[in-house]
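Presented below is the structure to which this report refers.
The values are calculated or read from the model by the stated rules, or taken from the named source; none is laboratory data. Not measured: the values here are computed from a predicted model. In this analysis, Cβ positions are derived from the backbone assuming ideal geometry, glycine residues included, and neighbour counts consider all displayed protein chains.
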Amino acid sequence: MGTMTTFQRPDGQTATGYLAEPANQAHAPGIVVIQEWWGLNEQIRGVADRLAQAGYRALVPDLYRGQLTVEAAEAHHLMSGLNFGEAASQDIRGAVLHLKQAGGKVGITGFCMGGALTLLGLCATPEADAGVVWYGCPPLEYIDAATIKVPLLGHWATQDEFFPIATIEALETKLREAGANFEFHRYLAHHAFANETAVGPGRIAATQFDPVWAQQAWDRTFGFLGKCLW
């Protein structure tokens, strides 16, 4: 459905990404979609396609510059080599500004590593209008909660071994003390519960797709985006 496209970062460099657009693009709001640690793969393109089918212009910045993997060790290596501050302030903010050129509101959403980058991206992108975080959080000292001025929705797994729910409770406290407008939901699920490829023998340990919780989280997400972006 979508195509690869280029856009300008705030520093003037050119970045690439996967852009999926709805049939009726006039005044369509935008969503910047941030990948998991696997890279710009078919699954995250499918997320963008899903958003486009719901009427949004969805742009997935290629944070790994064309690299992707199905191996956890390689994914960890790629993630470790990523400059998170630059990704948030340049690639993600640049993608938001690119979608803003059409005139509509723009949100940010991301999964796992992309969830952490969604929070960092909101801190670095005053032009964003909303954020949806899926089971991912950076170290809390990197979050300047006072800079998050827009509505925030979060989906968290109570059995998440990568991002323990106690950390999310601390994040809630930090956001609450800063007066942030946020709504967090907890699901009796494992990490990556909304990733339909986290099934069978190919999935990595401690991840598990859950179609029921995933559908509920998506229903909440579309309700939230409809309220914030249209």
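Check off (1) modelled with pLDDT of 95 or more; (2) aliphatic (A, V, I, L, M); (3) over 26 Å from Phe222 (Cβ atoms) for Leu171 and give me the number that stays unchecked.
(3)
Among the numbered criteria (1) in a loop (DSSP other than H, G, I, E, B); (2) at pLDDT 95 or above; (3) β-branched (Val, Ile, Thr), which single criterion is violated by Val60?
The single condition Val60 does not satisfy is (1).
Here is a check on your reading of the model: is Glu74 within 22 Å of Arg203 (Cα to Cα) and among the charged types (D, E, K, R)?
Considered against the rule, which asks whether it is within 22 Å of Arg203 (Cα to Cα) and among the charged types (D, E, K, R), Glu74 comes out as yes.
Yes or no: Phe193 part of a loop (DSSP other than H, G, I, E, B) and touching a Cys at 6+ places or on another chain (Cβ under 6 Å)?
For Phe193, the condition - part of a loop (DSSP other than H, G, I, E, B) and touching a Cys at 6+ places or on another chain (Cβ under 6 Å) - is not met.
Based on what the data block shows, is Gly107 within 15 Å of the chain's Cα centre (by Cα), modelled with pLDDT of 95 or more, among the small types (Gly, Ala, Ser) and crowded, with 24+ Cβ neighbours inside 10 Å?
yes
Output the residues belonging to the stretch 19-38 that are crowded, with 23+ Cβ neighbours inside 10 Å, of a type outside the set (Val, Ile, Thr) and assigned to a strand (DSSP E or B).
Matches in the stretch 19-38: Ala20, Gly30.
Using beta carbons and a limit of 7 Å, which pairs, at least six apart or on different chains, have the first residue in the stretch 40-51 and among the β-branched types (Val, Ile, Thr) and the second one crowded, with 16+ Cβ neighbours inside 10 Å?
Correct list of pairs: Ile44/Val33; Ile44/Gln35; Ile44/Glu36; Ile44/Val60; Val47/Val33.
Go through the stretch 110-126 and give me each residue that's over 10 Å from the mean Cα position of the chain (by Cα) and of a type in the set (A, V, I, L, M).
Across the stretch 110-126, the qualifying residues are Leu120, Leu122, Ala124.
Pick from Arg65, Arg57, Arg93, Arg50: which is closer than 24 Å to Gly154 by Cα, surrounded by fewer than 20 Cβ atoms within 10 Å (Cβ to Cβ) and either more than 18 Å from the chain's Cα centre (by Cα) or basic (Lys, Arg) (or both)?
Arg50
Whether any residue in the stretch 70-84 is under 27 Å from Pro151 (Cβ atoms), in contact (Cβ under 8 Å) with a residue 60 or more places away in the chain and surrounded by 14 or more Cβ atoms within 10 Å (Cβ to Cβ) is what I want to check.
There is no residue in the stretch 70-84 that is under 27 Å from Pro151 (Cβ atoms), in contact (Cβ under 8 Å) with a residue 60 or more places away in the chain and surrounded by 14 or more Cβ atoms within 10 Å (Cβ to Cβ).
Residues to consider are Cys137, Cys123; find the one that is under 19 Å from His76 (Cα atoms), without any contact (Cβ under 8 Å) to a residue 60 or more places away in the chain, of a type outside the set (Gly, Ala, Ser) and in contact with a Ser or Thr (Cβ under 8 Å, 6 or more places away or on another chain).
Of Cys137, Cys123, the one residue that is under 19 Å from His76 (Cα atoms), without any contact (Cβ under 8 Å) to a residue 60 or more places away in the chain, of a type outside the set (Gly, Ala, Ser) and in contact with a Ser or Thr (Cβ under 8 Å, 6 or more places away or on another chain) is Cys137.
Among the candidates Ala102, Ala128, which residue alone is small (Gly, Ala, Ser) and crowded, with 19+ Cβ neighbours inside 10 Å?
Ala128
May I ask you to list the residues in the stretch 180-197 that are surrounded by 22 or more Cβ atoms within 10 Å (Cβ to Cβ) and either modelled with pLDDT under 95 or more than 16 Å from Gly115 (Cα to Cα) (or both)?
Passing the criteria: only Ala189.
Hey, any hits in the stretch 211-223 for a residue that's out of contact with any Phe, Trp or Tyr (no Cβ under 8 Å at 6 or more places or on another chain) and part of a loop (DSSP other than H, G, I, E, B)?
No: zero hits.
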